Amino acid sequence: MPVVDCGQFTFFVLPVDPIVSRLYQDYAFTVNEVAWRRLIELLGVVDEKADDFAPIVVYARLDSPDEWHRFFLDVQAAFWESVDSIQEEFANVAGDDVRIMDYAKHVGCLPQRITSAAAFQSDDKTYLRLILDSGAEVFLVPDSDNLDSRYRIAFSSKKN
């Protein structure tokens, strides 16, 4: 680890991950950066031993400009990040006993516009929800009140 000596103080220079930029980390927030952008792909990284709807992290590919975002829940908070290189991200998890799930079929056909993306709290739990212009919704829902618990991805569609 590089060290910078400034006389009376010594600083350790931590490496910066150039691949990921954290946009939000909180119990409640709105992701204005993705409103009205088209969702092109929706993928989840899932542990080999978990069911298909228990992702470790969810990835969304958006257009205009073409970029990837990832989001997840951890320790009762929601996280939203932009990702520079999805190939590097997937290369980093390759061989880690995980699989990639394509969730597109659960929201109808893609692409669709995201009308809203937000984290919110209810009953002391944090949730994350995307609403698409078709009325379909994507939710990240905590499994339990346990801080270390996993979460589930759930889908709903507009009833006609």
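The values are calculated or read from the model by the stated rules, or taken from the named source; none is laboratory data. None of the values given here were measured: they were computed from a predicted structure. Neighbour counts are summed over all protein chains in view; Cβ atoms, including those assigned to glycine, are modelled from backbone coordinates with ideal geometry.
Figures for the structure shown
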{"read-out": "Residue within region 110-121 that is closer than 21 Å to Val20 by Cα, part of a loop (DSSP other than H, G, I, E, B) and either among the β-branched types (Val, Ile, Thr) or at pLDDT 95 or above (or both) present", "value": "no"}
{"read-out": "Hits in region 94-124 - residues which are farther than 18 Å from Arg150 by Cα, among the hydrophobic types (A, V, I, L, M, F, W, C) and in contact (Cβ under 8 Å) with a residue 40 or more places away in the chain", "value": "Ala104, Val107, Leu110, Ile114, Ala117, Ala118"}
{"read-out": "Candidate set from region 1-57 (those that are acidic (Asp, Glu) and in a strand (DSSP E or B)); member that is modelled with the lowest pLDDT", "value": "Asp5"}
{"read-out": "Residue that is modelled with the highest pLDDT [pool: residues in region 123-145 that are in contact with a Lys or Arg (Cβ under 6 Å, 6 or more places away or on another chain) and over 19 Å from Gly108 (Cα atoms)]", "value": "Val141"}
{"read-out": "Region 69-103, residues that are of a type outside the set (S, T, N, Q), surrounded by fewer than 16 Cβ atoms within 10 Å (Cβ to Cβ) and not in a strand (DSSP E or B)", "value": "Val75, Asp84, Glu88, Phe90, Ala91, Val93, Ala94, Gly95, Asp96, Asp97"}
{"read-out": "Subset tally (residues that are without any contact (Cβ under 8 Å) to a residue 60 or more places away in the chain and either hydrophobic (A, V, I, L, M, F, W, C) or on the phi > 0 side of the Ramachandran plot (or both)) for region 72-93", "value": "7"}
